[in-house]
Amino acid sequence: MSIDARLSELNITLPEALAPVANYVPFQQSGNLLFISGQISNGPDGLIVGKLGQNMDVAAGAAAARSCGLGLLAQARAALGSLDRVARVVKLTAFVNSTPEFGDQPEVVNGCSDLMVEVFGEAGRHARAAVSAPSLPRGVAVEIEAIFEVA
């Protein structure tokens, strides 16, 4: 089954790949690795802002992380032409805008990790870092970057 068919089966519509807002490229391929720049939490109504442990709970944070995952997939499709070229999700590095006392970053980032497994199956399982950040660009709740292996 193609990844597009899988997305349709899961009722997932990818957003348009966003253009960079600063001096960087959205993706870079080196050999068989595709590096996707950090995608910030963004939904149909705009940026998803908030601070975990202050004005946002884990469920809302996981939804924000999932939106980052959708952005990562959109960038990968823009880079490769088709998500069928993704052989494996290698690694996610996630930054969670959270208070010093908040310790559930892994549960927040599961919103993105779970999406990768839904879409790619076993090839979606990946190495990961889930890091607390005192603030993120534009006040967003989550930012996630990815490395994909390309077939």
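Remarks
- Arg128 charged (D, E, K, R), in a strand (DSSP E or B) and over 14 Å from Leu34 (Cβ atoms): yes
- Given (1) small (Gly, Ala, Ser); (2) farther than 19 Å from Ala127 by Cα; (3) in contact with a strand residue (DSSP E or B) (Cβ under 8 Å, 6 or more places away or on another chain), index of the condition Ser113 fails: (2)
- Restricting the first member to segment 6-26 and to residues that are free of Cβ contacts under 8 Å to residues at least 40 places away in the same chain, and the second to residues that are part of a loop (DSSP other than H, G, I, E, B), the beta-carbon pairs closer than 6 Å and six or more apart or on different chains are Pro20/Pro26.
- Flag for Leu70 being buried (at least 18 other Cβ atoms within 10 Å of the Cβ) and either out of contact with any Cys (no Cβ under 7 Å at 6 or more places or on another chain) or in a loop (DSSP other than H, G, I, E, B) (or both): yes
- Qualifying residue in segment 85-94 (condition: polar (S, T, N, Q), part of a strand (DSSP E or B) and within 14 Å of Ile36 (Cβ to Cβ)): yes
- So Phe120, is it in a helix (DSSP H, G or I) and within 21 Å of Leu7 (Cα to Cα): yes
- Enumeration of residues in segment 95-117 that are part of a loop (DSSP other than H, G, I, E, B) and either surrounded by fewer than 16 Cβ atoms within 10 Å (Cβ to Cβ) or touching a residue at least 60 places away in the same chain (Cβ under 8 Å) (or both): Thr99, Pro100, Glu101, Gly103
- Just one of the numbered conditions (1) in a loop (DSSP other than H, G, I, E, B); (2) among the small types (Gly, Ala, Ser); (3) without any contact (Cβ under 8 Å) to a residue 12 or more places away in the chain is not true of Ser135: (3).
- Residue count for segment 39-55, restricted to those that are within 30 Å of Ser2 (Cα to Cα) and free of Cβ contacts under 8 Å to residues at least 60 places away in the same chain: 4
- Set side by side, the residues Val142, Val58, Val86 differ, and just one is in contact with an Asp or Glu (Cβ under 8 Å, 6 or more places away or on another chain), in contact (Cβ under 8 Å) with a residue 40 or more places away in the chain and closer than 21 Å to Glu16 by Cβ, which is Val86.
- Note on segment 1-45: among residues that are small (Gly, Ala, Ser) and in a strand (DSSP E or B), the one that is modelled with the lowest pLDDT is Gly43.
The values are calculated or read from the model by the stated rules, or taken from the named source; none is laboratory data. Model, not experiment: these values are computed from the prediction. Heads up, the Cβs are rebuilt from the backbone with ideal geometry, glycines too, and the neighbour counts pull from every protein chain shown.
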